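Accompanying notes for the structure given below.
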Amino acid sequence: MKYGYGVDLGGTTVKMGLFRQDGRLLDKWEIDTDVSSGGRNIPSDIGRSILADMKKHSFAKEDYLGVGIGVPGQVWSDGTADAVNLGWKRLPLIPELESVTGLRAVGDNDANTAAMGEYWQGGGKGYDSLALITLGTGVGGGIIVDGKCLQGAHRAGGEIGHLPIEPNETRVCGCGNRGCLEQYASATGCARLAMDALAEFDTPSTLRSCPKIDAKAVWDAVKAGDGLALRVADKFCTYLARGLAIVANTVDPEVLVLGGGVSRAGKVLIDMVTERYRVYAFNACKDTPIVLASLGNDAGMYGSMANLL
């Protein structure tokens, strides 16, 4: 049996796990992400934490496959990494991890590692290809084809959140463009659609007395049969369905996996999106299943480990 470490680097915390090569998680912990000094200390912090965990176990060094890491940015072929929110610009991430731990290290974008995790041990397990769409503050994504992550010529493969979905949008997306999918199908977008609906219609709604309009409030109201919330959900799911149809028509994955905070809405979200997706998808792709991700916040760790195999 071989072992390896899966690391999911976030802006606030670093999630780390020790795995067996068969996917069993043996140990899991977190450390704070030190963004001071341009994030320069992060690789050594991670390396030292892994070394401390290695001392807890009696495995021989040759039993370790290495360290896999997902970062909120890009990891280039020379092992350097860029991550704007960490202050990284061509930081030698992989060489430093290898130097501190003495183990092989590999890295990728965090959305790609999450997709790989769901493919390996999550909602996409058993399929040869998938597209993961994460519905969080923004909309992220990762595409796996024949067991490999689609990177693209500019490391922009799987940027599903920035599909241009609404040509008439005047508000600017965080990427600088207008009308991106994440402006509507993210948690932020869902809340904005709700605020727009409350301003546009005088329909009675429990959302009017809600102290905080967020995606959870909207979907809770949907489940309670709130008419205005259902109108918001219809618009949300229509945009999302169009985006999923574009992805399916382009790469034709075996399964579409929805993750992120909004996916906690569960079956009602899956049912509404599936119904609308079938309207927009190409005939050959209409029956592509849409399922929920199952690894939650651990998907990045699992995917980072999978990249070592």
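The values are calculated or read from the model by the stated rules, or taken from the named source; none is laboratory data. Everything numeric in this text was worked out from a predicted model, so none of it was measured. No Cβ is skipped: glycine too gets one built from the backbone with ideal geometry, and neighbour counts run over all protein chains shown.
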- Message: Looking at the stretch 224-243, can you tell me whether even one residue there is in contact (Cβ under 8 Å) with a residue 60 or more places away in the chain, more than 18 Å from the chain's Cα centre (by Cα) and over 24 Å from M116 (Cβ atoms)?
- Response: yes
- Task: Can you confirm whether the stretch 170-178 contains a residue that is without any contact (Cβ under 8 Å) to a residue 12 or more places away in the chain, part of a helix (DSSP H, G or I) and not β-branched (V, I, T)?
- Result: no
- Among the residues of the stretch 121-133, is any assigned to a helix (DSSP H, G or I), at pLDDT 95 or above and within 21 Å of L292 (Cβ to Cβ)? yes
- Among K216, K212, the single one that is out of contact with any Leu (no Cβ under 7 Å at 6 or more places or on another chain) and at pLDDT 95 or above is K216
- Message: Given the condition in contact with a Pro (Cβ under 9 Å, 6 or more places away or on another chain) and at pLDDT 95 or above, answer yes or no: does some residue in the stretch 184-199 qualify?
- Response: no
- What about V273, is it in contact with a strand residue (DSSP E or B) (Cβ under 9 Å, 6 or more places away or on another chain), without any contact (Cβ under 8 Å) to a residue 40 or more places away in the chain and either part of a strand (DSSP E or B) or under 20 Å from Y184 (Cα atoms) (or both)? yes
- Query: In the list D214, D202, D220, D196, which residue meets the criterion of being surrounded by fewer than 19 Cβ atoms within 10 Å (Cβ to Cβ), touching a residue at least 24 places away in the same chain (Cβ under 8 Å) and charged (D, E, K, R)?
  - Reply: D214
- Query: Out of all the residues in the stretch 73-84, is one or more touching a Phe, Trp or Tyr at 6+ places or on another chain (Cβ under 7 Å), closer than 13 Å to M301 by Cα, among the hydrophobic types (A, V, I, L, M, F, W, C) and free of Cβ contacts under 8 Å to residues at least 60 places away in the same chain?
  - Reply: no
- Message: Suppose we keep only residues that are in contact (Cβ under 8 Å) with a residue 60 or more places away in the chain and surrounded by fewer than 19 Cβ atoms within 10 Å (Cβ to Cβ) within the stretch 151-169. Which one would you say is farthest from the chain's Cα centre (by Cα)?
- Response: E166
- Item | Which numbered condition D287 misses (of (1) within 25 Å of P164 (Cα to Cα); (2) in a helix (DSSP H, G or I)) | (2)
- Is at least one residue of the stretch 89-101 assigned by TED's automatic domain parsing to the domain that holds D53, at pLDDT 95 or above and buried (at least 24 other Cβ atoms within 10 Å of the Cβ)? yes
- Could you tell me whether D82 is acidic (D, E), surrounded by fewer than 19 Cβ atoms within 10 Å (Cβ to Cβ) and outside the structural domain of A245 (by TED's automatic domain parsing)? yes
- Task: State yes or no: is V251 closer than 21 Å to G157 by Cα and among the hydrophobic types (A, V, I, L, M, F, W, C)?
- Result: yes
- Query: What do you reckon, is V106 closer than 17 Å to A248 by Cβ and not aromatic (F, W, Y)?
  - Reply: no
- Item | Residues located in the stretch 144-166, provided they are assigned to a loop (DSSP other than H, G, I, E, B) and at pLDDT 95 or above | L163, I165, E166
- Evaluate the stretch 112-131: report whether one residue or more is surrounded by fewer than 24 Cβ atoms within 10 Å (Cβ to Cβ), under 16 Å from V7 (Cα atoms), in the same structural domain as L51 (by TED's automatic domain parsing) and not hydroxyl-bearing (S, T, Y). no
